[in-house]
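Take a look at the structure below.
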């Protein structure tokens, strides 16, 4: 069946957390952050919490989700906090489909820049390659950021359309 | 009189906000963030809120403050959120004194890295020079991050002592 995108619902919490855990690349502290962002959005609403969600279903089962929001203290910069596809559903273009949905939503709000962060370790090589292929440029590498020998990469994509600004120095 | 450092008190909110505004370099949205972090720390406590404060008084009047906390999802990385000295008290080494206090507190908690962010515009040239002189290295430059023509610099300092890790790649 064709994947369907939909909004966050109250009964998604456990499925999202289970999916994040199933990827086996996120640390327990990160899984806890994923859960907190879902609860914040459900409790305060997406607008007030600053955490927006897009979910993807395949055959009625949760197959992936994205979470993003405006970067505090900026005008037109947005953070892509989470982009996760269930292990059983990977390799089918679902991450791209989610990202397209995120970018459309952000551009609709006048967003100019989309910022993603990921680890520099081999476990995240797939994520690194994905963002590069989708037009993100490497803006920073901070070694040992998450913990010793686990550094952070910051990837930035300039969104086309209104308010767009080239990110060349 | 010698400057005195002390902890955050409930009656500091208005003075801190007024001082941040008086520097004339922070945007209204940033001033609002400064206020929110103070309220969070007073409401939940510094440990639970994740926002720690150190204040500096000269002649019984607030002369500067720092706000920092553990970076979520990391082991041993801390964010320096705010380091502000009242305009009338600048040029007397108070920012360095605050930073020494922050670094001692972070090292005492096993912190390895201290991360500061600032703007790439001329208004923040003093801050940029200060961090460089205090051993911070430039880790990232993200043009147009805050708004068009107002980019972000990320500066990172490896703290000496236990748990220290060199940040060379």
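The values are calculated or read from the model by the stated rules, or taken from the named source; none is laboratory data. These numbers were taken from a predicted model, which means no experiment stands behind them. Glycine gets a Cβ as well: all are built from the backbone with ideal geometry, and neighbour counts include every protein chain shown.
For the range B:100-119, what are the residues that are modelled with pLDDT of 95 or more and touching a helix residue (DSSP H, G or I) at 6+ places or on another chain (Cβ under 8 Å)?
The answer is B:114, B:116.
Does the range A:17-45 hold any residues that are touching a residue at least 60 places away in the same chain (Cβ under 8 Å) and in a helix (DSSP H, G or I), and which are they?
Answer for the range A:17-45, where residues must be touching a residue at least 60 places away in the same chain (Cβ under 8 Å) and in a helix (DSSP H, G or I): A:19, A:20, A:22.
Residues checked against (1) over 13 Å from the mean Cα position of the chain (by Cα); (2) buried (at least 16 other Cβ atoms within 10 Å of the Cβ):
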{"site": "A:29", "(1), (2)": "yes, no"}
{"site": "A:37", "(1), (2)": "no, yes"}
{"site": "A:60", "(1), (2)": "yes, no"}
{"site": "A:63", "(1), (2)": "yes, yes"}
{"site": "A:66", "(1), (2)": "no, yes"}
{"site": "A:69", "(1), (2)": "no, yes"}
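Would it be correct to say that residue A:68 is touching a residue at least 24 places away in the same chain (Cβ under 8 Å), within 14 Å of chain B (Cβ to nearest Cβ) and part of a strand (DSSP E or B)?
No; evaluated as a whole, the condition is false for this residue.
Restricting the range B:46-59 to residues that are in contact (Cβ under 8 Å) with a residue 24 or more places away in the chain and assigned to a loop (DSSP other than H, G, I, E, B), which is nearest to residue A:147 (Cα to Cα)? Steps first, answer last, please.
Here is the first cut: in the range B:46-59, the residues in contact (Cβ under 8 Å) with a residue 24 or more places away in the chain are B:46, B:51-59.
Next cut, assigned to a loop (DSSP other than H, G, I, E, B) only: B:51, B:59.
Values: B:51: 20, B:59: 42 Å.
Out of the qualifying residues, it is B:51.
So how many residues does the range A:49-58 have that are within 20 Å of residue A:22 (Cα to Cα) and surrounded by fewer than 20 Cβ atoms within 10 Å (Cβ to Cβ)? Even if it seems obvious, please write down each step before you answer.
So in the range A:49-58, the residues within 20 Å of residue A:22 (Cα to Cα) come out as A:53-58.
Now drop any that are not surrounded by fewer than 20 Cβ atoms within 10 Å (Cβ to Cβ), which leaves A:57-58.
Here the count works out to 2.
Taking the range A:54-71 only, how many residues are in contact with a helix residue (DSSP H, G or I) (Cβ under 6 Å, 6 or more places away or on another chain) and under 25 Å from residue B:37 (Cα atoms)?
2
Regarding residue B:125, is this residue at pLDDT below 95, more than 14 Å from chain A (Cβ to nearest Cβ) and surrounded by fewer than 22 Cβ atoms within 10 Å (Cβ to Cβ)?
On the way: at pLDDT below 95: yes; more than 14 Å from chain A (Cβ to nearest Cβ): yes; surrounded by fewer than 22 Cβ atoms within 10 Å (Cβ to Cβ): yes.
The answer is yes for residue B:125.
Do you know which residues across the range B:112-125 are within 15 Å of the chain's Cα centre (by Cα) and either without any contact (Cβ under 8 Å) to a residue 12 or more places away in the chain or not in a helix (DSSP H, G or I) (or both)?
Pass one, the range B:112-125, residues within 15 Å of the chain's Cα centre (by Cα): B:113-119, B:124.
B:113, B:114, B:115, B:116, B:117, B:118, B:119 - these are the residues of the range B:112-125 that are within 15 Å of the chain's Cα centre (by Cα) and either without any contact (Cβ under 8 Å) to a residue 12 or more places away in the chain or not in a helix (DSSP H, G or I) (or both).
Could you look through the range B:138-152, keep only residues that are under 15 Å from residue A:71 (Cα atoms) and in contact (Cβ under 8 Å) with a residue 24 or more places away in the chain, and pick out the one that is nearest to the other protein chains (Cβ to nearest Cβ)?
Out of the qualifying residues, it is B:146.
Condition first: touching a residue at least 60 places away in the same chain (Cβ under 8 Å), within 21 Å of residue A:124 (Cβ to Cβ) and surrounded by 14 or more Cβ atoms within 10 Å (Cβ to Cβ). Can you find one or more residues in the range A:97-105 that meet it? Walk me through it before giving the result.
The first filter runs over the range A:97-105 and keeps only residues touching a residue at least 60 places away in the same chain (Cβ under 8 Å), leaving A:97-98, A:101.
After this cut, where a residue has to be within 21 Å of residue A:124 (Cβ to Cβ) as well, the list is A:97-98.
Then drop every residue that is not surrounded by 14 or more Cβ atoms within 10 Å (Cβ to Cβ), which leaves A:97-98.
Among the residues of the range A:97-105, at least one is touching a residue at least 60 places away in the same chain (Cβ under 8 Å), within 21 Å of residue A:124 (Cβ to Cβ) and surrounded by 14 or more Cβ atoms within 10 Å (Cβ to Cβ), which makes the answer yes.
Looking at (1) at pLDDT below 95; (2) touching a strand residue (DSSP E or B) at 6+ places or on another chain (Cβ under 8 Å); (3) at positive phi; (4) away from chain A (no Cβ under 14 Å), find the lone condition where residue B:135 falls short.
The failed condition is (1).
When you scan the range A:6-16, how many residues do you find that are surrounded by 16 or more Cβ atoms within 10 Å (Cβ to Cβ), within 16 Å of the chain's Cα centre (by Cα) and under 16 Å from residue A:85 (Cβ atoms)?
Within the range A:6-16, residues that are surrounded by 16 or more Cβ atoms within 10 Å (Cβ to Cβ), within 16 Å of the chain's Cα centre (by Cα) and under 16 Å from residue A:85 (Cβ atoms) number 1.
Need the failing condition index for residue B:156 against (1) farther than 18 Å from residue B:25 by Cα; (2) in contact with a helix residue (DSSP H, G or I) (Cβ under 9 Å, 6 or more places away or on another chain); (3) in contact (Cβ under 8 Å) with a residue 40 or more places away in the chain, just the number.
So residue B:156 meets the others, but not (2).
Which one is farthest from residue A:33 (Cα to Cα) among residues in the range A:81-93 that are crowded, with 21+ Cβ neighbours inside 10 Å and more than 14 Å from chain B (Cβ to nearest Cβ)?
Of all residues in the range A:81-93, those crowded, with 21+ Cβ neighbours inside 10 Å come to A:82-85.
When the remaining residues are screened for being more than 14 Å from chain B (Cβ to nearest Cβ), the result is A:83-85.
Numbers: A:83: 13, A:84: 14, A:85: 17 Å.
Of everything passing the filter in the range A:81-93, A:85 is farthest from residue A:33 (Cα to Cα).
Can you name the number of the only condition in (1) under 25 Å from residue B:119 (Cα atoms); (2) over 14 Å from the mean Cα position of the chain (by Cα); (3) in a helix (DSSP H, G or I) that residue B:73 fails?
Residue B:73 satisfies every listed condition except (3).
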